[in-house]
Amino acid sequence: MLELLPQALGLIFTLEGVAVLILGTMLGIILGALPGIGSTVAVAIILPFTLGMGQIPAILLVLAIYAGSVYGGSISAILINTPGTPQSAATCLDGYPMSQRGEAGLALGWATLASVAGGIVSAIMLILAAPQVAAFALNFGPIETFALILLGLTCIVSVSEGSMIKGLLAGVIGIFLSSVGGDPITGEGRFTFGLFNLIAGLDLLAVVIGVFALSEVLLRASRRIDGAALLVAFEGIVLPKLRAWKGRLGGLAKSIAIGCGVGVLPGTGAATAAFISYAEARRSSPRRDDFGKGEPDGIIASESANNAVTGGALVPTMALGIPGDAITAVMLATLTLHGVTPGVRLMTSNPTLIAAIFTGFALINLILLPLGMLVSRLAAPLLRMREAFLMTAIAVFCVIGVYFVRGNPFDLLVMAVAGVIGFILRRQGYPMAPLVIGMVLGPTLEMSLRQGLIITNGSFTAFFTGHPIAVALMIVALVLLSLPALRALRQRSRLRTE
Amino acid sequence: MLALMNERALVAIALFLTGAALLATTFGSSPDLPPAFDPTFFPRIILILWVGLAFMEIAAAIRHGTPAQEPAAWRIGALIVAVVLYAVFFTRLGFFITSVAFCTVSLLALGQRHVATIAAFAIGAPAVLLILFNRILKMPLPASPFFWWL
């Protein structure tokens, strides 16, 4: 692919191409930063505008919006504790506490550098190894995918702040919500109670926006506070000093690897990667006790992984025609609209186009740093708004965002109900991250389990024979699940000896 | 027994009953199919976990009940009603009218009392968004059945 680089750069560096890269990335960051809009809506909003453009600029614009909005999601997550999309939910856990400490600029600095690093490495990985990685992803059958999702679900244990039961319960509710609607194999309606709108299931974005953003508005309204009391101080991004990276580079590399790896696997997505990476960082970081209280390692883990997914998710999208997540599904539509038929043959039949797309993607991630610093400063006036106005604006954006996803009025109702239920649960200390993780991973977990049972003629034991990748993943999941208990036991015995 | 009831326990009981009711619907509706083809196979496992965890949470809530928090009932009630009505009437009455009404109620519920500021924001913000989405982004927001230009 490297030999095609000059041709690829020639296709990108036109006036239209450069304008699209810069303006698209800026617009992506702004749209991603707006609570309730998020990457999927951002890409969907821009889709009609690409129809009048050439093939390369159109695809570059969508890529710029994609990468920019994934990064932009961290801005709202860190500054107002409201992730626009599930993938930035993990960033809230440590980003917002840092903001509350008056370190919003530094938190965004960590997020920006981690995002840029994740994006660039994943783009380089794509350019160098896309065909081989795509071939390896083909080895994952339903049983391996089931084992991978089980591994992903272990992160619920890590994000269950305060009460493990509440966290697990929220996760289980999330998985259940994902099963509402048509059965993926037989098509029979489940838990629809005669409501036609429920046949298509609950829209993930509507639920996510409800339980995170709307419930946040209600929670803040329930606290008797003055207008701007909870707004954080922010004067622009502050990049962390070089010495602050000491002891964190290993974690960064691990998170990027997780992001790239998860992104390549079809049907997993950035939210999964962000939470797996966060859970892993929380388990392995020497500063794990500070997680959830504003620890930069948590931001690095989440942001580097979810941005690394952007590159990884392009592999199955481009090479196999299988979207890595909801956003790449919208991108798949863009490619098809512009005469590019993604699939196994694309890499061999049109390598220059592939090289241009991947190179453009790497360039977008490079310009993310200066543009991120510039655009986040423009977001500062948003924070100086009195809380009543900001919360009202968030609620309006939530409604607009959910409306634009499918144009379905029922989704708005789902969002409102999810917001109210989220508010009630959050008041009692139920974490919402496990609910979202359950909803994201639920469909793949069910589908892979049932497909696996079909393959093995209904035998669970066959899951463990002849599937070494699956066995390895399940062992890792088991080990990771038992680690908190082992750690607690060790701590208890240490206390006893003291 | 009533003394043991706290907000945490009530929420846990509500979750338990919801889970149990949903679990009950998975029995007896479909013929005896192998797990892979039974639509209720996977949700049933999940709902059993749901009911079990909710039961454990009830026990924990009764043991370590937390005192009820100040609910700020009227404020929350008004906002919840406003959100639900906004969602319901958004596509029926159009973006502008519903947004002006929602912004007004929301700002009042969130403690704003300056009439001119409320009016400016409640009319100005939806107007700006209307122009942005309808004119610039060419992504039409739901229009009012009464006024075609809104």
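Conditions tested, residue by residue: (1) surrounded by 11 or more Cβ atoms within 10 Å (Cβ to Cβ); (2) under 17 Å from A:LEU150 (Cβ atoms).
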| position | (1), (2) |
| --- | --- |
| A:LEU449 | yes, yes |
| A:THR461 | no, yes |
| A:ALA472 | yes, yes |
| A:SER482 | yes, yes |
| A:ARG487 | yes, no |
| A:ARG490 | no, no |
Exactly one of A:VAL471, A:VAL476, A:VAL436 is away from chain B (no Cβ under 12 Å) and under 14 Å from A:PHE176 (Cβ atoms), and that residue is A:VAL436
(1) buried (at least 22 other Cβ atoms within 10 Å of the Cβ); (2) under 24 Å from A:ALA200 (Cβ atoms); (3) within 9 Å of chain B (Cβ to nearest Cβ): which one isn't true of A:PRO409, the others all being true?
-> (1)
Test A:VAL440 against the stated conditions and say whether it is crowded, with 21+ Cβ neighbours inside 10 Å, among the aliphatic types (A, V, I, L, M) and in contact with a Pro (Cβ under 9 Å, 6 or more places away or on another chain).
-> yes
Write out, first by first residue and then by second, each pair whose Cβ atoms fall under 7 Å of each other, whose residues are 6+ apart or on separate chains, and whose first residue, in the range A:163-174, is more than 7 Å from chain B (Cβ to nearest Cβ) and among the charged types (D, E, K, R) while the second is buried (at least 24 other Cβ atoms within 10 Å of the Cβ) and assigned to a helix (DSSP H, G or I).
-> none
Can you tell me which residues in the range A:394-423 are at pLDDT below 85 and under 20 Å from B:PHE121 (Cβ atoms)?
-> A:ILE394, A:PHE397, A:CYS398, A:GLY401
If you go through the range A:249-303 one residue at a time, how many are hydroxyl-bearing (Ser, Thr, Tyr) and more than 18 Å from the chain's Cα centre (by Cα)?
-> 2
State the number of residues belonging to the range A:155-173 that are modelled with pLDDT under 75 and surrounded by fewer than 24 Cβ atoms within 10 Å (Cβ to Cβ).
-> 4
May I ask you to list the residues in the range A:72-112 that are assigned to a helix (DSSP H, G or I) and polar (S, T, N, Q)?
-> A:SER74, A:SER76, A:GLN87, A:SER88, A:THR91, A:SER99, A:GLN100, A:THR112
Selected residue [facing chain A (nearest Cβ under 9 Å) and over 22 Å from the mean Cα position of the chain (by Cα)] from B:LEU53, B:LEU22 = B:LEU53
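The values are calculated or read from the model by the stated rules, or taken from the named source; none is laboratory data. Remember, it's a predicted structure, so these values are computed and weren't measured experimentally. Note that we place each Cβ from the backbone using ideal geometry, even for glycine, and neighbour counts take in every protein chain shown.
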